[in-house]
1. What do you get for Rg/Rh over the range B:91-206 if you use C-alpha atoms and the Kirkwood form of Rh?
2. Provide A:Tyr72, A:Tyr55, A:Tyr189 in ascending order of the number of other Cβ atoms located within 10 Å of each residue's Cβ, fewest first.
3. Taking θ as phi - 60°, what are the ³J(HN,Hα) couplings along the range B:30-40 by the Karplus curve (6.51, -1.76, 1.60), each to the nearest whole Hz, with x for Gly and Pro?
4. Got the relative contact order for the range B:14-125 handy, in percent, Cα pairs under 8 Å and 6 or more residues apart?
5. If I model a spin label at A:Arg180 and A:Phe101 as a point 7 Å from the Cα along the Cα→Cβ vector, what separation in nanometres do I get?
6. What average number of partner chain Cβ atoms lie no more than 10 Å from the Cβ of the residues making up A:91-99?
7. Add -39500 (n - 2.57) for each DSSP H run of 4 or more in chain A, then divide by its residues: what number comes out at 222 nm, to the nearest 500 deg cm²/dmol?
8. Mind listing the phi-derived Karplus ³J(HN,Hα) values for the range A:116-131, rounded to whole Hz, using 6.51, -1.76 and 1.60 with θ = phi - 60°, and x for any glycine or proline?
Amino acid sequence: MGKIRTPYLLLLPGFGFLFTFFILPIINLAQTSTQTPVGGGDTGQYEQTLRFSNYVDAFVENKEQFGRSFVYALIATLLALAIAYPLAYAIAFKGGKLKNFMLVLVIAPFFTSFLLRTVAWKQILGEEGFVVPTLRNLGIISDSTTLTSSAFAVVMGMTYNFLPFMTLPLYASIDRIDPRTLEASGDLYANGFTTFRRVTLPLSMPGVVAGTLLTFIPAAGDYVNAAILGSPNTKMIGNVIESRYFKIVDYPTAAALSFTLMAVILILVTVYVRKAGTEELV
Amino acid sequence: MSHKIKDATIPHIPTGARISRWIGRNLIRIYAVVAFTYLFIPVAYTFAFSFNDSGKSNLIWKGFTFDNWKNPCGAPEVCSALANSIKIGFLATLFSTILGTMIAFAIGRYSFKGRSTSNLMIFLPMATPEIVLGASLLSLFLVFKINPGFWPTVIAHVVFCISFVVVTVKARIASLDPRLEQAAMDLYANERETFRRVTLPLVAPGIAGAALLAFSLSFDDFIITNFNSGTLTTFPKFVYTSAARGIPAQANVIGSAMFFLALAIVITGQIVGRKRKVSA
């Protein structure tokens, strides 16, 4: 039996595929990012150079959108964590017979296209929806305040859309906690808060790390929420990359921006995972 | 409720603590209800507006009708977009489940040189924002003069689905009791028989779950699709492009129908799974 060969044979097709359609494109992206427009050529004509100033130009031109992407993504991640943690806790410890059904409910909104749900939020929070008139009648917001086309709406949309990505890994790690450890903590005269801080939270850290990553990464690169729920003042880096590709046909800048986004995220993720001390991620 | 009885039978807890405990317990239940309501508000809205007698733009409530449900393909392009999404989702699920399951077995079952690199290779696509995946693949296709369209979209979907399949199937493999396979070997099953009769059936629910996950990820994907599909319209793309001029109510019909269909599949799957467990 070729026992030593078996794992490699199993890996070969999948990794061959990933190499061709994931690694090669990233290398190609790196090349594209230093290209220069062909002098006197049509739009969209570029030649291979090593023009690293593309990165500087792209960053300086769009540093606002970069900053916004990471700030929005961070706020959305923290909000999603705050909303999802008690929910995951409720399912894991109080779910009882309904546990599996509640898990299905967490994933269920996925099946209605997330774009339909985002558009639904736009209409619910919009001028024709019921939320804005109600808040105005109650005097909570002024007549000129709107909820859509704002940073609030974009962050809210992202929080909503990535909530299941946060809830599921949290649930997985909270569910693994032996309830007896919590009882033991109580027996040792820890109050509810101390038990949570010293026992539950540390034991659920793998879920917190996985959930925050699965929320933060797509949120930082997202442009759908900003496009549907935002305004020109809430443009994120995803919106810039998208329009550089499709509207302006400026591939080198788009590639430089994409590459920078990926690099920043990878650095943040590495630092975060090291700090959180969770090595086994996947 | 059973927990009340349990509380009442524990004698040494003082009444005050018992009451606060009871509130504490129910507070989190109440919270769960509120959180689920939040999750389902837009789903309910989408469902409600699938009955709107709205004409072209489905923005304001104009009256109740079943017409949209009777004629879900009534709006131009809705059904062809849906058909494309289903075809792409099916192919992407098939390929990513096969490739991903093989990788999961390699990483989950063997210790070999390069195992941690393999884990990294699975983690990287998940740590890459969709827009970078989509944009980089489009650049590659453009270099090789491949026009964006159906197959490029399928390939792009397989790229981001594989990692999720690997993670899901690997978790299932890790939770297997090794004694079951040892028992099969003790009963003179050879390696292949053990795999086919013991290992594979035990991992099967994980593979099924991974396939379902892959399909829903593919079906709902917009960003990567938008980069690699060219003029081909998928269902999410249809919603995005028509969002500006108003989405026809038929899109709400399809979104709601998909929701109930998927819910039915998942719940049936769980009931079947439970029955099997009971009979086994």
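1. When Rh is taken as the Kirkwood radius, the ratio is 1.10.
2. The order, fewest Cβ neighbours first, is A:Tyr189, A:Tyr55, A:Tyr72.
3. Computed from phi, the couplings for the range B:30-40 are 4, 4, 4, 4, 4, 4, 5, 4, 4, 4, 9 Hz.
4. It comes to 10 percent, rounded to a whole number.
5. Using points 7 Å along Cα→Cβ, the separation is 3.0 nm.
6. Rounded to a whole number, the mean comes out at 2.
7. -21500 deg cm²/dmol
8. Whole-Hz 3J(HN,Hα) from phi for the range A:116-131: 4, 5, 5, 5, 4, 4, 4, 6, 5, 8, x, 4, 7, x, 9, 6.
Each value in this text was obtained by applying a stated rule to the coordinates, not by laboratory testing. In this text, all values refer to a predicted model and were calculated from it rather than measured experimentally. With ideal geometry, Cβ positions are generated from the backbone for all residues, glycine too; neighbour counts draw on all protein chains shown.
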